[in-house]
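The values are calculated or read from the model by the stated rules, or taken from the named source; none is laboratory data. Just so we're clear, the structure is a prediction, and the values are computed from it rather than from any experiment. No Cβ is skipped: glycine too gets one built from the backbone with ideal geometry, and neighbour counts run over all protein chains shown. Just the protein is used for accessible areas: all its heavy atoms, side chains included, with ligands, DNA and RNA removed. Shrake-Rupley method; radii C 1.70, N 1.55, O 1.52, S 1.80 Å.
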Amino acid sequence: MVRGRLHVVTLPWSAFGHMFPFFQLSLALAKAGVHVSFVSTPRNIQRLPKVPPNLASLIDLVEFPLLTLDNEILPEGAEATVDIPLDKVEHFKIAYDLLQIPFKKFIGDQFPDWIIVDFCAHWAVDIAQEYNVKLVLFTVMSAATTVFLGRPPGYVFLSDQTPTWPSPESLTKPPEWVSFPSSVAWREYEAPFVHANLYTKDASGISDAARISKVLCACNALAIRSCKEFEGEYLNLHEKQMGKPVFSVGLLPRPHERPETSKTNDGSWRKIFEWLDKQVPKSFVFVVFGSECKLSKEQVHEIAYGLELSLVPFLWALRRPFWGTDEGDILPFGFSNRISDRGMVCFGWAPQMEILAHPAIGGSLFHSGWGSVIEILQFGHSLIVLPLVYDQSLNASLLVDKDLAVEVERGKDGSFDRDGIAKALRLAMVSKEGKAFRVCARKAAAIFGDESLHQQYYISRFVEYLKNGE
């Protein structure tokens, strides 16, 4: 522990899309001289990037083992949502909630100045109040998505008995308090699932809506991973409506240097980068759907056939699905041979930032998760969006509103096909009609890639608030 410094404890939900932004925020705070204790489970901490040596004295990685549930319903070694099927997440929350026992002892021993918490850890409210520690809710979502946290004034997000959104249909249009043009809302085919996920009391005994509501009502301030240069209208709205301090902490862009010790120098990836080195600059699309999107066999095949039909060169980082064991089971018959002259599929882990930084990459077909949006726009690449889960469709609508993305066409049931994939790829990557999207993406890089803006301005303002408490 670093004595005499501001001490902040960060506690993310155990999903990659939450842990990594919390880790980036922790690094940014440490760069500003704050002592940070980042709390997670042992395996999750092993999955994080290494703390830079110059920050090692300011960041403590605090490991609390995840307790095993009696019914053995979770796979052995599961410590993040990526390790489990979607239908087991509600049971995973039971194990996550048990972290409150060691977390409470840690707070009682350390007496930090602040706890920065995610939506899920509603029990952190009681711990913070018991030890008189101030609390910040950090939302890893876009500011546009955050309008769905609750109803102003104060953004009180309902009780389960009096929901802010009384029906799935109410989620399919922008809230009435959004006073400027916006198409950010859930689609009809996904609204029932989203509504049920929010308001259903699951196996953990509490709904997600109730979790969010408790933390949001009790926190001293709300922090959002965004900036006014990109989402000024939404951030201004939150500041007016929230009834408590709202801080943009910047976009927290990840550094994209290609260190000599990078895994890109390992065997197969070294060969892939040597192959990319020979390609035409900005000609390739990087296809990636992250760790949380579990694609079905039909979806994988339609994406594959769409890539083939588009004639656009590509590199596809495909996470091996639960339903397939090898390439022959996963991809359409003969696909790899047919596209071998202009495409490649890589299974498993991929060095995403190094790939995006490569001169051959000019665009990305992806799920429009907020973290990936930030990473891709750091490089000014064209965006082809295919939202699949959670807040991804809201981000897709935001990007389309800002003329930054081409969205793959969907049926009324949410299905997509190879023709829609091919059409979107060609529009974004090669057609004259898509030139405006490519220009807007290149301009956005000046904002998304400006590390000094996000660190020196946004983080500095946030740290000043943490020091003064007002």
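With every protein chain kept in the model, how would you rank W349, W177, W275 by accessible area, 1.4 Å probe, largest at the top?
Sorted by accessible area, descending: W349, W275, W177.
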### Query
Taking Cα pairs under 8 Å and at least six residues apart, what relative contact order does segment 39-145 come out at, in percent?
20 percent
### Message
Under the rule of at least 5 residues apart or a separate chain, name every residue whose amide H is placed under 5 Å from the amide H of G380.
### Response
A445
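By its C-alpha gyration tensor, with a ≥ b ≥ c as the square roots of the eigenvalues, how is segment 1-49 shaped: rounded for a/c under 1.5, else prolate for a/b larger than b/c, else oblate? Before the final figure, lay out the partial values.
On the way: a/c = 2.37, a/b = 1.85, b/c = 1.28.
Because a/c hits 1.5 or more and a/b exceeds b/c, segment 1-49 counts as prolate.
From largest accessible area down, sort D70, D60; use a 1.4 Å probe on the protein chains. Write out the running numbers ahead of the final one.
Values: D70 155, D60 50 Å².
The most accessible residue leads, giving D70, D60.
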### Task
Express the carbon and sulfur contribution to the solvent-accessible surface of the chain as a percent, rounded to the nearest whole number, probe 1.4 angstrom.
52 percent
### Residues in segment 361-405 reached by a label modelled at L86 [backbone nitrogen below 11 Å; 7 Å Cα→Cβ]
388-390
### Query
Tilt of helix 297-310 relative to the longest C-alpha principal axis of the chain, in degrees (0 to 90, nearest 10)?
50 degrees
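Cα gyration tensor of segment 172-316, axes a ≥ b ≥ c as square roots of the eigenvalues: rounded (a/c below 1.5), prolate (a/b > b/c) or oblate? Walk me through the numbers before you get to the answer.
Values: a/c = 2.04, a/b = 1.63, b/c = 1.25.
In terms of gyration-tensor shape, prolate.
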### Message
Looking at the chain only, what percent of DSSP beta bridges run antiparallel? Nearest 5 please.
### Response
0 percent
#### Entry: Solvent-accessible surface (1.4 angstrom probe) belonging to D419, in square angstrom, nearest 10
100 Å²
### Message
Please compute the contact order of segment 188-259 in relative form: average sequence separation of alpha-carbon pairs under 8 Å and at least six residues apart, divided by the residue count, as a percent.
### Response
25 percent
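Would segment 326-415 count as rounded, prolate or oblate if I go by the C-alpha gyration tensor, calling it rounded below 1.5 in a/c and otherwise prolate when a/b exceeds b/c, oblate otherwise? Please report the intermediate quantities before stating the final value.
Numbers: a/c = 1.99, a/b = 1.30, b/c = 1.53.
Taking the square roots of the gyration eigenvalues as a ≥ b ≥ c, segment 326-415 is oblate.
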## Note on the structure
In whole angstrom, the spacing between the Cα centers of segment 78-115 and segment 10-38 equals 15 Å
### Query
Among V62, A32, Q241, whose Cα lies farthest out toward the positive end of the dipole of the chain, if unit charges sit on the beta carbon of Lys, Arg (+1) and Asp, Glu (-1)?
A32
### Task
Work out from phi, with θ = phi - 60° and the Karplus expression 6.51 cos²θ - 1.76 cosθ + 1.60, the ³J(HN,Hα) of each residue of segment 330-344, listed in order in whole Hz, and give x for Gly and Pro.
9, 9, x, 4, x, 4, 4, 5, 5, 10, 4, 7, 8, x, 8
### Query
Residues of segment 193-348: accessible area per residue at 1.4 Å, in Å²?
45 Å²
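Length gain on complete extension for the stretch F333 to K443, per 0.36 nm per residue less the alpha carbon to alpha carbon distance?
Values: separation 110, 0.36 × 110 = 39.60 nm, distance 4.04 nm.
Contour length minus Cα-Cα distance gives 35.6 nm.
Given 0.36 nm per residue, what is the gain on full extension from F193 to E409 after removing their alpha carbon distance, in nm? Present the calculation step by step, with values, prior to reporting the outcome.
On the way: separation 216, 0.36 × 216 = 77.76 nm, distance 2.01 nm.
Full extension from F193 to E409 adds 75.8 nm.
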### Query
How many nm separate the modelled label positions at Q46 and D341, each set 7 Å beyond the Cα in the direction of the Cβ?
4.5 nm
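When the helices in the chain are scored as -39500 (n - 2.57) per DSSP H run of 4 or longer and the sum is shared across all residues, what 222 nm value do you end up with, to the nearest 500 deg cm²/dmol?
Numbers: 19 runs with 180 residues, N = 470.
About -11000 deg cm²/dmol.
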